[in-house]
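The values are calculated or read from the model by the stated rules, or taken from the named source; none is laboratory data. Just so we're clear, the structure is a prediction, and the values are computed from it rather than from any experiment. Note: ideal-geometry Cβ built from the backbone for every residue, glycine included; neighbour counts use all protein chains shown.
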Amino acid sequence: MSQQQSSSANTNRVTRRRFVAGTGAALALTAVSAEVARGYSANQKVTIGIIGCGGRGVWIGDLFQQHGGYQIVGAADYFQQRVDNLGNKFQIKEANRFTGLSGYKRLLDMKPDAVVIESPPYFHPDQTWDAVDAGCHAFVAKPIAVDVPGCLRFLEAGKRATEKKRCVLVDFQTRADGLYQECVRRVHAGDIGPIVSAEAVYYTGGTWGVEFDPSDPEKRLLRWGRDRILSGDIITEQNIHALDVATWFLDRDPIKAYGMCNRRGRQDPAAAPDVLCNDAFACVFLFPDDVLLSFASKQYGTGIEDIGCWVFGPKGTAETHYWGAVLIRGEKSFKGGKLAHLYTDGAVANIAAFHKAIVEGEHSNRTVAPSVRSNLTTILGRTAAYRRAEVSWDEMLKAGEKLEFPLKGLKS
Ligand SMILES: NC(=O)c1ccc[n+]([C@@H]2O[C@H](COP(=O)([O-])OP(=O)(O)OC[C@H]3O[C@@H](n4cnc5c(N)ncnc54)[C@H](O)[C@@H]3O)[C@@H](O)[C@H]2O)c1
């Protein structure tokens, strides 16, 4: 979901006590230089640079600061005004604020211990790869990429990070939540019997309004959430929250998908229909053992907000909602619970887990492979929906279609 959409969820501020409880980190923290910090101890601050200083960059910067184990030392955004906005808030020296497409590279030259990547998804694979290459840990917003080559590059970056003893963490809030984890564990343990079918939905209003100017690349960068190439379309950019939960339960790659999408909800100007994101998707995925996943999404209108997943087996049904209940009904029921603030709590848990992994030297980077799988699943659904035809996983991987954004006219 976008920062705009989640603003009501954001009102749940995080208390210092909750952070400390989450991390177990000592209160007395000392800043250390990047060189010294390579061998961390729990009482040393991890220096971070933020890449992408828009809504989520600023919002999550607060959470990193409240954690207590981090020190924000630099930032990069394409736009000066954005980096200054964040820089002023977190008292970052002007010399440590970078702009343009390659601004993040100058941030990496500063050798912060870690970067927090909150830029449009199109840039995530290269920024993550370069961060790992520069010896930094990387905390990355979903989705990790917009196309197949980007997903594979991200997977390689994760493996490379493990080899280089660096941490990469993908910030899916659901995967960090105890109720979700327990529900998935029980389904994997057989509590609903073998999964026969599943359903995933993502329903929200039109989070990015209708203005869009395809002729100006800077305006496209600012309105990237309406731009198919920069965002990957709604199925990859936003609906991934639902498909990530579904693929977590199913724990396999899909074999093929069929789908359709349309753009009839937001009353857009007629311009650039091939560049603007769609408003609704409907797809069916086939998984091994004839398991079916049906998926639907919409990003326009009013009346419903839900990121839901149902998993059906002969002995029960598991049900999850990002803003609500997580439970299992059936022979072995799981009462579960109701989530009120997963948007914030999940990010807080991920920030704590990232810190813990860094200071304890835990470099298995477990969030990378499942994030690549769910990202590729969204791309499979998108490819099928664009063609209104059946597309197989193998065919999609073999084709390796790359989305190209025209960078000409942008500041390097
Ligand atoms: N629940 C969630 O997990 C959640 C919620 C909101 C956003 N996000 C993710 O966070 C990321 C950022 O979203 P946002 O809502 O903050 O968007 P935003 O538009 O508010 O901010 C993005 C920022 O990136 C900057 N930018 C553009 N190109 C850049 C480049 N090449 N290098 C550096 N900076 C660049 C833009 O100028 C802008 O300031 C997206 O990947 C989005 O999916 C995740």
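Can you find a residue that is basic (Lys, Arg) and either more than 16 Å from Glu237 (Cβ to Cβ) or crowded, with 24+ Cβ neighbours inside 10 Å (or both) anywhere in the range 138-145?
For the range 138-145, residues basic (Lys, Arg) and either more than 16 Å from Glu237 (Cβ to Cβ) or crowded, with 24+ Cβ neighbours inside 10 Å (or both): absent.
May I ask you to list the residues in the range 67-87 that are in a strand (DSSP E or B) and of a type in the set (S, T, N, Q)?
Hit for the range 67-87 is Gln71, nothing else.
Sort out which residues of the range 272-291 are modelled with pLDDT of 95 or more and of a type in the set (Gly, Ala, Ser), and write them in order of number.
Answer for the range 272-291, where residues must be modelled with pLDDT of 95 or more and of a type in the set (Gly, Ala, Ser): Ala280, Ala282.
When you check Lys105 against the structure, is it within 30 Å of Cys277 (Cα to Cα), among the basic types (Lys, Arg), outside the structural domain of Trp393 (by TED's automatic domain parsing) and touching a residue at least 24 places away in the same chain (Cβ under 8 Å), yes or no?
yes
Return yes or no: is Cys167 within 16 Å of the ligand (Cβ to nearest atom), in contact (Cβ under 8 Å) with a residue 12 or more places away in the chain and more than 21 Å from Leu407 (Cα to Cα)?
no
Restricting to the range 120-152, what's the tally of residues that are of a type in the set (S, T, N, Q) and within 11 Å of the ligand (Cβ to nearest atom)?
So the answer is 1.
If I filter the range 203-225 down to residues being more than 23 Å from Gln80 (Cβ to Cβ) and within 12 Å of the ligand (Cβ to nearest atom), which single residue comes out as modelled with the highest pLDDT?
Applying the filter and picking the extreme gives Thr204.
Given the residues Lys93, Lys89, which is the only one that is more than 15 Å from the ligand (Cβ to nearest atom) and free of Cβ contacts under 8 Å to residues at least 60 places away in the same chain?
Lys93
Tell me whether the range 261-271 contains one or more residues that are within 24 Å of the chain's Cα centre (by Cα) and at pLDDT 95 or above.
Yes, that holds for at least one residue.
Being near the ligand (Cβ under 8 Å from one of its atoms) and not hydroxyl-bearing (Ser, Thr, Tyr) is the filter; apply it to the range 101-116 and report the residue that is nearest to Ile48 (Cα to Cα).
Among those residues, the one meeting the criterion is Gly103.
As an exercise: evaluate Asn262 against (1) touching a residue at least 60 places away in the same chain (Cβ under 8 Å); (2) away from the ligand (no atom under 16 Å from the Cβ) and give the number of the one condition it does not meet.
Against the list (1) touching a residue at least 60 places away in the same chain (Cβ under 8 Å); (2) away from the ligand (no atom under 16 Å from the Cβ), Asn262 comes up short only on (1).
Yes or no: Gln65 at pLDDT 95 or above, away from the ligand (no atom under 12 Å from the Cβ) and out of contact with any Asp or Glu (no Cβ under 8 Å at 6 or more places or on another chain)?
Yes: the conditions hold for Gln65.
Report yes if Asp253 is in contact (Cβ under 8 Å) with a residue 12 or more places away in the chain, assigned by TED's automatic domain parsing to the domain that holds Val372 and part of a helix (DSSP H, G or I), otherwise no.
no
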